[in-house]
Structure formats: structure tokens, C-alpha cells
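Since every read-out is calculated from the coordinates, none of them should be taken as a lab result. Please read these numbers as outputs of a predicted model, since none were measured by experiment. Neighbour counts run over all protein chains shown; Cβ positions are idealised from the backbone, glycine included.
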Amino acid sequence: MREEAINWNNQGVAHFFKQEWEKARECYERALELDEQNPAVWNNLGLLAHQQKNFPQACAHFRRAFELEPKSNYLVNEANALAMQGDLNGAEANYLKALDLQDDYVPAFASLAKLYTHQGRSNEAIAAYQRLTEISQEQEYPFQLALLQIQQGEFDTALQLLYKLARNRESTEIWFQVGRAEFLAKNYGRAESAFKRALAENPDDKASRNFLAVNLLAMGRREEALKQYLFLLKFFPDDTDLLTDTAVVLCGMERFEEATTYLDRALTIQSDHQKALIYKDRIKQIQQS
């Protein structure tokens with residue numbers, strides 16, 4: 001009977017991955033009729049309930065699986081369902097309990113890191129990601145660690161991680177974050193190089209080109225910054241922030257009539273855009289003085 005139950009469970013998993021939810025449920029229930037002490041089947045029923053957003057039922061199934069076999073993954077699965085219900089304290093307790101059972105269990109650390117990040121507990125999130133970089137080769141973990149370090153103003157340590165990641169894998173996302181960290185550290189020359197590397201990977205990346213323009217402004221290179229904004233507006237002509245930032249650059253160059261046209265375009269799209277309204281008023285005051 002146990003082998004037959006395993007067979008029904010395997011069929012259920014196959015249906016689950018095909019998103020055939022009811023067929024999966026029927027197979028899992030047949031498996032339990034044959035062997036109700038099988039924790040894997042209870043866990044799979046929990047995953048099915050989670051998929052269908054029945055989180056209380058999912059928790060009940062995961063707890064039953066853990067009662068039958070105390071494994072870390074059952075605790076983490078229940079914790080994820082608790083988190084979806086807003087019970088973040090319960091989720092955290094389960095993640096920590098999973099680590100008591102298995103102190104190098106990557107999914108528990110990864111979930112804790114995300115939870116702490118969500119809660120703004122940056123130091124604890126950093127500690128969790130640091131541990132993940134020790135026990136996993138997944139590049140996402142040092143990347144997320146670097147983002148938190150940038151947030152904390154630890155630019156040098158973040159850049160050490162990011163440059164290492166960039167050497168292993170060329171990526172617009174990685175080079176953008178290198179540029180952002182260098183910019184925030186006021187290393188404008190290195191920031192410019194990083195943003196250009198990001199754009200070499202993806203010339204249409206809005207964030208990298210936007211930050212490149214800001215970086216050029218910090219270096220006093222207004223004409224070059226203006227070219228970047230005008231390039232972006234070809235692709236995002238109704239972006240009120242881009243329209244306004246273009247106007248701001250033109251104001252800095254004392255090209256007030258041109259600036260006004262961009263501000264008018266922005267305010268036509270969004271009449272309460274505060275930055276556009278402020279600069280429209282400033283231009284009016286300058287022209288009246």
C-alpha cells in the first residue's frame with residue numbers, strides 16, 4: 001500500500017506542475033487513503049492549498065507533515081503561508097526553528113533575509129545575507145547584500161561585492177548598482193564608466209541612462225546630460241519626471257523658453273506635478289525681474 005501511495009503522490013506532483021489543481025488534489029487524497037502517515041503527501045497538499053491562496057489550510061497541512069517528520073522545509077513552508085496571512089512574527093519563529101534543526105538551511109536564511117528587509121531590519125537582513133554568501137554559491141545573495149550595504153552607506157564594502165559579481169557576469173543590473181554606489185560615494189568618474197557599461201549591455205535601460213544624466217550634471221557637463229534626457233524622451237515622451245528634469249537642465253543653461261515648453265508638457269499630463277509647478281513659477285519670477 002505504501003508504494004501505491006507513493007505512486008499516487010507522484011502523479012499528484014505531475015498534475016501540480018501542469019497546474020491541474022483538482023487532479024492533483026484527487027491524487028494526493030487517494031495517496032492519503034492508502035497511507036495517511038506520509039508527510040510528503042501532507043506537505044504537497046499544503047503547497048496546493050498555498051497555490052490556491054488557502055493559507056490557513058496550507059498551514060494545517062504543513063504542521064501535520066512536520067508532526068509526522070520534523071523537517072526544516074515543512075517549517076519554512078508553513079512560515080511562508082503565515083507570512084502571506086500577515087503573521088510575520090509567526091513566520092520568523094518558524095524560520096528560526098528551521099535553522100535550529102538545520103543551521104545551514106538556505107531557504108530559511110533566504111526567507112529570513114527577505115522578511116528582515118521587508119520589515120526594515122537592515123542589520124539583521126545584512127547578517128542573514130552574509131551567512132547566505134558563506135553557505136551558497138547563488139549570486140543573488142551577495143547582490144542583495146550589496147544593495148543593503150548601499151542603503152546603509154557602506155559603499156566600499158558594497159562595491160567590493162558588486163565588482164566581483166560584475167567580473168563573473170556582465171549585467172546591466174549589476175553595473176547600474178555599481179554606478180549608483182560610486183555616484184553616492186561621489187566617485188563620479190567611476191560612476192560614469194559603470195553606467196556606460198550598463199548601457200553597453202542594454203542601451204534602452206531607463207534607470208542607467210537617467211542616472212548617467214544625473215551623474216553628468218554632478219560633473220558640470222550639462223550639454224551631455226541634456227542629450228541623455230532628450231534620448232530618453234524619444235522612448236518615454238509622456239514621462240512627467242523626465243520632462244521636468246529636462247526643463248531643470250535647460251533652466252541651468254538659462255534656456256528658459258525651451259524649459260517652459262517641457263514644463264507645460266509635463267503639467268498638461270499631470271497638472272499637480274509639484275516640481276514642474278515650482279520651476280514654472282521660478283521661470284515666471286526670473287522673466288518678471
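Calculated FRET efficiency, Gln102 to Phe17, Cβ-Cβ distance, R0 = 22 Å: about 0.30 to the nearest 0.05. The mean sequence separation of alpha-carbon pairs under 8 Å and at least six residues apart, normalised by the residue count of segment 131-271, gives a relative contact order of 13 percent. Round to the nearest 10 and give me the degree value, 0 to 90, for the angle of helix 106-118's Cα axis relative to the longest principal axis of the chain. The angle comes out at about 40 degrees.
Can you check how the C-alpha radius of gyration of segment 221-269 compares to 2.2 N^0.38 Å, as a plain ratio? Present the calculation step by step, with values, prior to reporting the outcome.
Details: Rg = 9.8 Å, N = 49, 2.2 N^0.38 = 9.7 Å.
Dividing the Cα Rg of segment 221-269 by 2.2 N^0.38 Å gives 1.01.
Given a 10 angstrom Cα cut-off, can you work out which residue in Glu20, Glu182, Glu173 is the most mobile in a GNM of the chain? Looking only at Glu20, Glu182, Glu173, the biggest GNM fluctuation is shown by Glu20. Segment 224-267 to segment 154-193: how many Å between their Cα centroids? Each part reduced to its Cα centre gives a spacing of 27 Å.
Quick one: net charge around Leu233, please, counting Lys, Arg +1 and Asp, Glu -1 for every other residue with C-beta under 12 Å from its C-beta. Local net charge: +1. For the chain, modelled as a GNM whose springs connect Cα atoms under 10 angstrom apart, the maximal fluctuation among Gln130, Gln37, Gln274 occurs at Gln274.
Return the calculated 222 nm mean residue ellipticity for the chain, to the nearest 500 deg cm²/dmol, obtained by summing -39500 (n - 2.57) across DSSP H runs with n ≥ 4 and dividing by the residue count. Can you show the working numbers first?
Working: 17 runs with 233 residues, N = 289.
Value at 222 nm, helices only: -26000 deg cm²/dmol.
Which order, highest average first, do 75-84, 157-166 follow once you tally other Cβ atoms within 10 Å for each residue and take the mean per peptide?
Details: 75-84: 24.0, 157-166: 19.8.
Top to bottom by mean Cβ count within 10 Å: 75-84, 157-166.
Against the chain, whose longest principal axis is taken from its Cα atoms, helix 155-168 shows a tilt of about 70°.
Taking the longest Cα principal axis of the chain as reference, the axis of helix 88-101 is set at about 60 degrees. Shape analysis of segment 139-210 places it in the oblate category; the axes a ≥ b ≥ c from the Cα gyration tensor give an a/c of at least 1.5, with a/b not above b/c. The protection proxy used here, the mean number of other Cβ atoms lying within 10 Å of each residue, ranks peptides 117-127, 144-154 as follows, highest first: 144-154, 117-127. Taking the inverse of the mean 1/r over every pair of distinct Cα atoms in segment 1-158 gives a Kirkwood hydrodynamic radius of 16.8 Å.
For Ser271, Ser289, Ser136, what's the fewest-to-most ordering of other Cβ within 10 Å of each Cβ?
On the way: Ser271 9, Ser289 5, Ser136 15.
Final ranking by Cβ density, sparse to dense: Ser289, Ser271, Ser136.
The charge dipole of segment 181-227, taken about the Cα centre with unit charges on the Cβ atoms of Lys, Arg (+1) and Asp, Glu (-1), comes to about 140 debye, rounded to the nearest 20. Using +1 at the Cβ of each Lys and Arg and -1 at the Cβ of each Asp and Glu in segment 178-258, identify which of Gly252, Thr240, Asn187 lies farthest towards the dipole's positive end. Among Gly252, Thr240, Asn187, the one farthest towards the positive end of the dipole of segment 178-258 is Asn187. Under the rule a/c < 1.5 gives rounded, and otherwise a/b versus b/c splits prolate from oblate, where does segment 181-227 land using the Cα gyration tensor? Because a/c hits 1.5 or more and a/b fails to exceed b/c, segment 181-227 counts as oblate.
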